[in-house]
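Readers should treat all values here as calculations from the given coordinates under stated rules, not as data from a laboratory. On a predicted model such as this, the values are computed, not experimentally measured, just so you know. FYI the Cβ positions are ideal-geometry reconstructions off the backbone, even for glycines, and counts take in every protein chain you see.
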Amino acid sequence: FAPKLLAGSKLMITAGPTREAIDPVRYISNHSSGKMGYALAQAASAMGAEVTLVSGPVNLATPAGVKRINVESAQQMLDAVLADINDQDIFIGCAAVADYRIAEVAEGKIKKSSETMSLALVRNPDILATVAARNPKPFTVGFAAETHEVETYARDKLQRKNLDMIAANDVSIPGLGFNADQNALRVFWQSGAEDLPATDKLTLANQLLSLIVKHKNNP
Ligand code: C5P
């Protein structure tokens, strides 16, 4: 009974963390659960969209009707996104992409020797900004996890990455955001903003998708 607001639309979502290999048995990652991205995929599919979910490693079931592509590293996530981005109408970057990867992944397991060791890291590509730089580009939505000055940083990201919309969550509020079942979002676009108060991630996903549909049609 969900309104089919997205019937006929193609929508791609990135979700979850990425894993950056150190050697064959170790990696760098983060605590992203993937719940917000999966809730968006579930809600978009229920609204009639053809959904492609490019997912880092998470412990979540694939929502009904959603095409899921599993990846590990940021580079693999970028490759999977670019392979299928051409005819997407909407792109939502919800993944917690690692900002850096290991400069040189060791071929064998690294042995312990000295008391300290260091790893050289190099910047990963920005998947969201890469999509937003395309011409034509899908309606591109980013996420921003901030601990303070949420609007300033979110608006800066909106401009810098050439996004159509950004959904910011204040990760300093206990029980909300990262890894939680509930979240609250402050959504910004060029000419406006809307607060989506704390609720479960599926309700928020429905609200955010409604905002996307509204502003995609009337920028
Ligand atoms: O710059 P920051 O990492 O805070 O931006 C967060 C947004 O950018 C999220 O939407 C995230 O999915 C996306 N991102 C990305 N690729 C990166 C880093 C962030 O797509 N390498």
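Observations, loosely collected:
- Test: residue in the stretch 137-156 that is in contact (Cβ under 8 Å) with a residue 60 or more places away in the chain and closer than 15 Å to MET36 by Cα: yes
- Any pair with Cβ under 9 angstrom, 6 or more apart, that starts in the stretch 90-106 at a residue that is without any contact (Cβ under 8 Å) to a residue 60 or more places away in the chain and ends at one that is more than 7 Å from the ligand (Cβ to nearest atom) and part of a strand (DSSP E or B): ASP99/LEU121; ASP99/ARG123; ALA103/LEU121; ALA103/VAL122
Conditions tested, residue by residue: (1) touching a His at 6+ places or on another chain (Cβ under 7 Å); (2) within 21 Å of LEU128 (Cβ to Cβ); (3) not basic (Lys, Arg).
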residue	(1), (2), (3)
MET47	no, no, yes
PRO57	no, yes, yes
ALA80	no, yes, yes
ALA96	no, yes, yes
LYS109	no, no, no
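- Flag if LEU204 is within 17 Å of the chain's Cα centre (by Cα), among the aliphatic types (A, V, I, L, M) and under 16 Å from GLU151 (Cβ atoms): no
- Considering only residues in the stretch 73-125 that are buried (at least 18 other Cβ atoms within 10 Å of the Cβ) and not hydrophobic (A, V, I, L, M, F, W, C), the one that is nearest to LEU211 (Cα to Cα) turns out to be GLY93.
- Residue check for ASP195: of a type in the set (D, E, K, R) and more than 12 Å from the ligand (Cβ to nearest atom): yes
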